[in-house]
There are 2 protein chains.
Amino acid sequence: MKVFAEKELRAYVENVFVAMGCPETAARLAADVLISADLRGIDSHGVARLIGYVRLWKKGRINTNPNIRVVHETPGTAVVDGDSGLGLVVAPEAMEIAMEKAANVGTGWVAIRNSNHFGIAGYHAMMGLDRDMIGWAFTNASPLVAPTFGKERMLGTNPIAVSIPAGQEPPFVADMATTTAANGKLEILQRKGEEAPLGWIQDKSGQPATDPHALKEGGALLPLGGDREHGSHKGYALGAVVDILSAVLSGANYGPWAPPFVSFLPLADNPVGAGLGHFVGAMRIDAFRPAAEFKTHMDQWIQRFRETQPVSDSQPVLIPGDPEREAEKIRRESGIPIVDPVVNDLREVAGEFGLEIPDSSE
Amino acid sequence: MKVFAEKELRAYVENVFVAMGCPETAARLAADVLISADLRGIDSHGVARLIGYVRLWKKGRINTNPNIRVVHETPGTAVVDGDSGLGLVVAPEAMEIAMEKAANVGTGWVAIRNSNHFGIAGYHAMMGLDRDMIGWAFTNASPLVAPTFGKERMLGTNPIAVSIPAGQEPPFVADMATTTAANGKLEILQRKGEEAPLGWIQDKSGQPATDPHALKEGGALLPLGGDREHGSHKGYALGAVVDILSAVLSGANYGPWAPPFVSFLPLADNPVGAGLGHFVGAMRIDAFRPAAEFKTHMDQWIQRFRETQPVSDSQPVLIPGDPEREAEKIRRESGIPIVDPVVNDLREVAGEFGLEIPDSSE
């Protein structure tokens, strides 16, 4: 484990994207999305992914100088073609379009095709906060999840992010995979040699599994709920809705056709659309009620939920977004801790581009 | 258990609403929403609720001749005040407004305050199907659910319904409480004297419970996920988003202030808004891509998911909406089975209005 200062790590990531051929502003934006994940404690979606983007680019699956364009629109909607660009860059651009439309007609919704992995969904949803808008972001992803009653991997961890402004209180930010547990948590268990709780994964025959390696051995992640008795059909339906909005509505690859993030897996040889898909949206608060009034009530909502009688005095009820904001506060000050295998990846990437990774502390 | 023919049960329910003072068209619509639940096999939200509406009306909490009006709007959004009307009538009217706006600018979103229980969320979402629109419906509800780490009931079972048109295939219709299990399932276990699976409820001290009576004894339903380790913070966040869209955005009562469905519980003495809240939306498919093209891909999506390798050959993977459509097919033909306690309720209601319940078979 090494600890990197935010500023230097950010500059390094930016330099890598520039070396890949991204224009300066795109590189800065892509680095911001990744560093934002690390700051918020979502380590699986931060610089740990950098080498993955580099490998996809080397395979020719990422266009670092894309012509991102609107291919269809109405006053309140658009479809954006990402031209195989980094999702890290395509999604924020699409969210700008959604917010523009929300400014005009109340809400704006943009479906995106021909994109790649877009980092943490929460980043894109949170873009609405400064403009007093509720932000939404969805994406489909590499198929790893079996639907209820199935043993085949048909869906990605397909996250839903919703960001809601408040007044004096910090914003409400939900950013969740539609599975019981995200893949990153399994990787942690694998490293520690610990078992996974029942309800996270199944093995390749579709039986409940606790071995965190079961996923790699042909098993699957389970939809939120874990099994039918505990509502996994709801997690499956949520993941399916995310897939349909992101990919069927936009013209991207859906379900098992979604392109894998890891470059060593082949693309489907019978694609049903273009690249990966996302879906982002913005709702202007004052398209419903005056923003100040809404925020006063959001503050009251948040305060009342914080005051929920807790089961244990040592663990109060949290508001979605609390843990990530807490992590960000600490890491902005004390730096971003990176586990050794990721440090090695960063070093490998640096070597490829004749760069050096920043100094770090133990 | 008695079995009623759809047509006669519908006419009876309509007569009850007329007797309560609803105009003819409103009574027909309200009956349609309730009967639709019974047809679709969602017995907890059909005529079983009729006596509840009658009791609320007798307490003066339901206005059967409301002035439902738009109090704020933009080209793509509106806020509707339901004037204490039946949610069964207010929500479809709001959905019409949402679809009108979607026709004009691509999508339409309507937040509703000052309403009452609106029946099954799926009914309102499915209104978009005939117009090639994706339909959305959300509502908050009587507080029964404890947030993760909490022992207090802060949220309703706050459902999310999404309805997506297909071509040759039947539509994709997800309609789910954001809890592990709906209250209706607990009631079935209570009647049978069976235990609930862990992860559905907790007792009044916040400990996991299997006694289905624990809810009535001060316990709470659990958010989808069941406990923190299995992602209940995600179910909690989803229920919270539904609450905020339905009630904070509209100006209704949110969280623990949401008015109870049962008339014997008092209203909060410090309301934070007006009545119960809903949120409905419509997205025109061809605001994103030609509807025919979309539907062809939806058909392919559905067919591919149906073909998922099953864990067991006896239980294929389902598409959201399959079980309800199957129930509807059977019940339209063979009638609607109603358990004896509900038959007694229907008889009690009939007595109050000088009506008679329809003939039934055993």
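Might you let me know whether the range B:90-104 holds any residue that is closer than 30 Å to B:His213 by Cα and crowded, with 24+ Cβ neighbours inside 10 Å? Lay out the reasoning, then the answer.
Of the range B:90-104, the ones closer than 30 Å to B:His213 by Cα are none.
Checked the range B:90-104: no residue is closer than 30 Å to B:His213 by Cα and crowded, with 24+ Cβ neighbours inside 10 Å.
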Looking at (1) of a type in the set (Lys, Arg); (2) within 16 Å of B:Asp211 (Cα to Cα); (3) within 8 Å of chain A (Cβ to nearest Cβ), find the lone condition where B:Lys151 falls short.
(2)
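Looking at B:Val241, B:Val262, B:Val272, which is the one that is facing chain A (nearest Cβ under 10 Å), farther than 18 Å from B:Val80 by Cβ and not in a helix (DSSP H, G or I)?
Result: B:Val272 is the single residue among B:Val241, B:Val262, B:Val272 that is facing chain A (nearest Cβ under 10 Å), farther than 18 Å from B:Val80 by Cβ and not in a helix (DSSP H, G or I).
Okay, residues lined up against (1) under 13 Å from the mean Cα position of the chain (by Cα); (2) within 20 Å of A:Thr179 (Cα to Cα); (3) in the same structural domain as B:Arg228 (by TED's automatic domain parsing); (4) not β-branched (Val, Ile, Thr):
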position: B:Thr139; (1), (2), (3), (4): yes, no, yes, no
position: B:Pro147; (1), (2), (3), (4): no, yes, yes, yes
position: B:Pro159; (1), (2), (3), (4): yes, yes, yes, yes
position: B:Pro170; (1), (2), (3), (4): no, no, yes, yes
position: B:Ala174; (1), (2), (3), (4): yes, yes, yes, yes
position: B:Gly193; (1), (2), (3), (4): no, no, no, yes
position: B:Ile201; (1), (2), (3), (4): no, no, no, no
position: B:Lys204; (1), (2), (3), (4): no, no, no, yes
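Under the condition of being of a type in the set (A, V, I, L, M) and out of contact with any Leu (no Cβ under 6 Å at 6 or more places or on another chain), which residue from the range B:17-32 is farthest from B:Pro92 (Cα to Cα)? Full working, then the answer.
Filtering the range B:17-32 for residues of a type in the set (A, V, I, L, M) gives B:18-20, B:26-27, B:29-31.
Applying the additional criterion that residues be out of contact with any Leu (no Cβ under 6 Å at 6 or more places or on another chain) yields B:18-20, B:26-27, B:29, B:31.
Working: B:Val18: 18, B:Ala19: 21, B:Met20: 19, B:Ala26: 10, B:Ala27: 13, B:Leu29: 8, B:Ala31: 12 Å.
Residue satisfying both the conditions and the ranking: B:Ala19.
Please enumerate the residues belonging to the range A:39-58 that are part of a helix (DSSP H, G or I) and of a type in the set (A, V, I, L, M). Even if it seems obvious, please write down each step before you answer.
Kept after step one, since they are part of a helix (DSSP H, G or I), are these residues of the range A:39-58: A:39, A:43-45, A:47-58.
Hits for the range A:39-58 are A:Leu39, A:Val47, A:Ala48, A:Leu50, A:Ile51, A:Val54, A:Leu56.
Listed here are the residues, each with its yes/no results for (1) assigned to a helix (DSSP H, G or I); (2) in contact (Cβ under 8 Å) with a residue 24 or more places away in the chain.
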| position | (1), (2) |
| --- | --- |
| A:Val18 | yes, no |
| A:Gly21 | no, yes |
| A:Arg28 | yes, no |
| A:Ala37 | yes, yes |
| A:Gly60 | no, no |
| A:Asn65 | no, yes |
Test B:Gly122 against the stated conditions and say whether it is surrounded by fewer than 23 Cβ atoms within 10 Å (Cβ to Cβ) and either out of contact with any Ser or Thr (no Cβ under 9 Å at 6 or more places or on another chain) or in the same structural domain as B:Pro159 (by TED's automatic domain parsing) (or both).
no
Pairs with Cβ under 9 Å, 6+ apart, first in the range B:89-118 and more than 19 Å from A:Arg289 (Cβ to Cβ), second at pLDDT below 95 and among the aromatic types (Phe, Trp, Tyr):
B:Asn116/B:Phe261; B:His117/B:Phe261
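Identify, please: which residue in the range B:74-90 is assigned to a helix (DSSP H, G or I) and closer than 12 Å to B:Arg113 by Cβ and is, among those, nearest to the chain's Cα centre (by Cα)?
Initial filter on the range B:74-90 (assigned to a helix (DSSP H, G or I)): B:87-90.
Okay, now just the ones that are also closer than 12 Å to B:Arg113 by Cβ, so B:87, B:90.
Values: B:Gly87: 10, B:Val90: 13 Å.
Within the range B:74-90, the match that is nearest to the chain's Cα centre (by Cα) is B:Gly87.
Yes/no matrix, rows are residues, columns are (1) assigned to a strand (DSSP E or B); (2) touching a residue at least 40 places away in the same chain (Cβ under 8 Å):
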| site | (1), (2) |
| --- | --- |
| A:His278 | yes, yes |
| A:Ala282 | yes, yes |
| A:His297 | no, no |
| A:Gln303 | no, yes |
| A:Thr308 | no, no |
| A:Ser314 | no, no |
| A:Glu324 | no, yes |
| A:Ile330 | no, no |
| A:Asp345 | no, yes |
Taking the range B:183-219 as the search range and keeping residues that are surrounded by 21 or more Cβ atoms within 10 Å (Cβ to Cβ) and part of a loop (DSSP other than H, G, I, E, B), which one is farthest from the other protein chains (Cβ to nearest Cβ)?
B:Leu215
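The values are calculated or read from the model by the stated rules, or taken from the named source; none is laboratory data. From a predicted model like this one, the values you see are computed outputs, not experimental measurements. Positions of Cβ are generated from backbone atoms using ideal geometry, with glycine treated the same way; all protein chains shown enter the neighbour counts.
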